[in-house]
1. Is there any pair linking a residue in segment 124-144 that is on the phi > 0 side of the Ramachandran plot to one that is part of a loop (DSSP other than H, G, I, E, B) and away from the ligand (no atom under 12 Å from the Cβ), with Cβ under 8 Å and at least six apart or on different chains, and which?
2. Would you mind stating whether SER171 is over 17 Å from the mean Cα position of the chain (by Cα) and within 12 Å of the ligand (Cβ to nearest atom)?
3. Can you go through ILE56, ILE70 and tell me which one is at pLDDT 95 or above, within 16 Å of the ligand (Cβ to nearest atom), crowded, with 18+ Cβ neighbours inside 10 Å and farther than 16 Å from GLY37 by Cα?
4. Could you figure out which of (1) within 14 Å of the chain's Cα centre (by Cα); (2) touching a residue at least 40 places away in the same chain (Cβ under 8 Å) isn't true of SER63?
5. Give segment 110-155 a look and list any residue that's within 15 Å of the ligand (Cβ to nearest atom) and of a type in the set (S, T, N, Q), or say none.
6. Regarding segment 197-218, can at least one residue be identified that is under 30 Å from PRO107 (Cα atoms) and either touching a helix residue (DSSP H, G or I) at 6+ places or on another chain (Cβ under 7 Å) or of a type outside the set (Gly, Ala, Ser) (or both)?
7. Looking at (1) at pLDDT below 95; (2) surrounded by 15 or more Cβ atoms within 10 Å (Cβ to Cβ), can you tell me which one ARG85 breaks?
8. Can you tell me how many residues in segment 8-36 are more than 14 Å from LEU130 (Cα to Cα), among the charged types (D, E, K, R) and touching a strand residue (DSSP E or B) at 6+ places or on another chain (Cβ under 7 Å)?
Amino acid sequence: MKVLIHETRETATGCAAALIADRLASEPDVVLGLATGGTMEAVYADLIARHRDSGISFARAQSFNLDEYIGLSPDHPCSYWTYMRDKFFDQVDFAPGHTHLPRGDAPDPEAEAARYEAAIVAAGDIGLQLLGLGANGHIGFNEPTSSLSSLTRIKTLTRSTRAANARYFASDDDVPRLAITMGIGTIMRAQDIVLLAFGEAKAKVVAQMIEGPVTAACPASILQMHRKVTVVLDEAAASALA
Ligand code: F6R
């Protein structure tokens, strides 16, 4: 694990965006694994600026997002499809059909999860996977006690994850209880992984992920077993490291 600690989240964000831009330059048809959430918003803004000002192009790349809420259609205002269109896809140059998320409104979510996993495999698996970190140690929506070898499937969201994401919904009760998420095994097949975590609220779980035992109680700790992980932190998120 390579751990990069930046003074501010601005330089940390720039560092993660640069890793993606460099990969696109060396491998224009890279398969990107993408995440949503608050941490990623600045990364997408930075990549949009690089596309506009420096001409980085996503035209030959493909993307697969980590997860989507079950029950939300792609045009639902709180779906991750909408998040990705608004914050990223509509402002860069991915080719039509090259961006993928699970369908939260699929009539058979289990079949949709299997279809999504097969689509990732058919694309040759993820080249560069971007990850955020849940305060409970989740990656994607692989909540604590998830199988460390799991594939894309349905997961029940914990109360703490639903509370953390309630800010995107009109009320706490509107936050879906289920999601389709790439599995931990799916994520671990990625060639390279870049995980970002910012702020003091993530400090304890960052220390568990990097210095604690590998355990399903902290799903992100499995990243200790991956060959090419870069963890990008600000000083606050790094403050509980030994
Ligand atoms: C979202 C996702 C989640 C988030 C994590 C951190 O697609 O996969 O694992 O990355 O919950 O979210 P923020 O950045 O909002 O703290």
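1. That search, which allows pairs on different chains as well, returns ASP125/ARG189; ASP125/ALA190; ASP125/GLN191; GLY137/PRO144; GLY137/ALA217; GLY140/GLY183.
2. So SER171 does not fit the description; no.
3. ILE70
4. Condition not satisfied by SER63: (2).
5. Across segment 110-155, the qualifying residues are GLN129, ASN136, ASN142, SER146, SER150, THR152.
6. no
7. Unmet for ARG85, out of (1) at pLDDT below 95; (2) surrounded by 15 or more Cβ atoms within 10 Å (Cβ to Cβ): (1).
8. 1
The values are calculated or read from the model by the stated rules, or taken from the named source; none is laboratory data. What you see is a predicted model, and the numbers here were worked out from it, not measured in a lab. All Cβ positions, even for glycine, are placed from backbone atoms using ideal geometry, and neighbour counts span all protein chains on display.
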